[in-house]
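See structure below.
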Amino acid sequence: MMKDQIEQIRLAAVDALKNATNLSDLENIRVSFLGKKGQLTSLLKQMGSLSADLRPAMGQLANDVRAYLEGEISKAATALQSAELNHRLSRETIDVTMPGEDVCIGHKHPMSIVLDETKQIFLGMGFSVADGPEVEYDYYNFEALNIPKDHPARDTQDTFYISENVLLRTQTSSCQIRYMENHKPPIRIIAPGRVYRSDALDATHSPMFHQIEGLVVDEGISMADLKGTLEVFAKRLYGEDVVCRFRPHHFPFTEPSAEMDIQCFNCHGKGCRLCKNEGWIELLGAGMVHPRVLETCNIDPNKYSGYAFGIGLERITMRRYQIGDLRMFFENDTRFLGQF
Ligand code: DAH
């Protein structure tokens, strides 16, 4: 009987509604029972076959069931929506009593700290900062610096050659030539950068390390300017009570040449493990620019003179923080780096 069929459709729809877990389930149920091609609609299309006296009652019943199911569907929709909202709110709850997470803040590398300070010291004395390429011509690294073809420093055991005339620079002194080629005196620069030598890595050697070159050229520049400037540098970096001395040395591109030592700050000159019992610690190489180097760069050595210096950045940083092993700079161990 049609009445029973309508009741079955109602029960089936109510059953389906119980199992609906989301809004799209509900929409499917609505379409499959109440939609244009849905079960209830199809049944109503068969009304024509009923006798005329039954039709109004069946029509009424079908409409009641439709209204009832529409009500149930919208109730279920409201319930699902609020369940969904509650679920989302509970997921988004923030527990303000939870302990925070540590934010790791990076550190400057100790060599960056010392390089920045060195730059500030020299900028304060009127120097500017220049640079040059790490892959360099033989000419700038050796030839123009008065280092002839048979000089031992050119040995392939010391130098990384890329081709006969191209190499990885072994010293930032190459920047002196590049700068003088393009600038007329007065010149007052420092040039920090990487240099390379074919050395095995150990506590005091590395195939890649850093130098800070210095160059001053003007009229009337003397050894006194060199000494005064480098002493100021040492005192600013290591403290006012630092004691400096200059020792004669040899570099092909300076004449005369010297090395500057500072008195060992551990034993104050008496001799200890840190200074290998010498009482002094070597800090840098320096000298008066060789007239031949000036000439090569078209600067008249009869009118101009200058001084130059080369500082090992690893070395001055090790001295500054009493670091015993150069390899620590390159290992990137945060337990080491975090101390600065
Ligand atoms: N280039 C030298 C080296 O690598 C260091 C040096 C010494 C640079 C004396 C200079 C200088 O400018 O005058 O050992």
Within region 210-258, residues part of a strand (DSSP E or B) and aliphatic (A, V, I, L, M) come out as I212, L215, V216, V217, A258
From the residues in region 211-236 that are among the acidic types (D, E) and in contact with a strand residue (DSSP E or B) (Cβ under 6 Å, 6 or more places away or on another chain), which one is surrounded by the fewest Cβ atoms within 10 Å (Cβ to Cβ)? E231
Cβ pairs under 7 Å, 6+ apart, first in region 166-186 and within 12 Å of D138 (Cα to Cα) and without any contact (Cβ under 8 Å) to a residue 60 or more places away in the chain, second more than 10 Å from the ligand (Cβ to nearest atom) and polar (S, T, N, Q): L167/T159; T170/T159
Among residues of region 86-123, those that are within 28 Å of the chain's Cα centre (by Cα) and not β-branched (V, I, T), counted: 18
Report the residue count in region 86-104 for those that are open to solvent by 100 Å² or more (accessible area, probe 1.4 Å) and in a loop (DSSP other than H, G, I, E, B). 10
All positions within region 298-321 that are outside any helix (DSSP H, G or I), open to solvent by less than 60 Å² (accessible area, probe 1.4 Å) and more than 14 Å from the ligand (Cβ to nearest atom): I299, P301, Y304
Counting only residues that are closer than 12 Å to L215 by Cα and not in a strand (DSSP E or B), which one in region 184-193 is least open to solvent (accessible area, probe 1.4 Å)? P185
Over region 216-236, the set of residues touching a residue at least 60 places away in the same chain (Cβ under 8 Å) and over 27 Å from I177 (Cβ atoms) is R236
What are the residues in region 151-178 that are surrounded by fewer than 20 Cβ atoms within 10 Å (Cβ to Cβ), within 14 Å of the ligand (Cβ to nearest atom) and not polar (S, T, N, Q), if any? H151, P152, A153, R154, D158, R178
Can you tell me which residue in region 235-245 is farthest from the ligand (Cβ to nearest atom), limited to those that are hydrophobic (A, V, I, L, M, F, W, C) and in contact with a helix residue (DSSP H, G or I) (Cβ under 6 Å, 6 or more places away or on another chain)? V242
Given E282, E278, E295, E255, which one is surrounded by fewer than 19 Cβ atoms within 10 Å (Cβ to Cβ) and more than 26 Å from V195 (Cα to Cα)? E278
For E181, only one of the following conditions fails: (1) farther than 30 Å from G220 by Cα; (2) in a helix (DSSP H, G or I); (3) open to solvent by 80 Å² or more (accessible area, probe 1.4 Å). What is its number? (1)
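The values are calculated or read from the model by the stated rules, or taken from the named source; none is laboratory data. Predicted, not measured: the structure shown is a model, and the values here were computed from it. Virtual Cβ from ideal backbone geometry, glycine too; neighbours counted across all protein chains shown. These area figures cover heavy atoms from the full protein model, side chains too; ligands, DNA and RNA do not enter into them. Shrake-Rupley method; radii C 1.70, N 1.55, O 1.52, S 1.80 Å.
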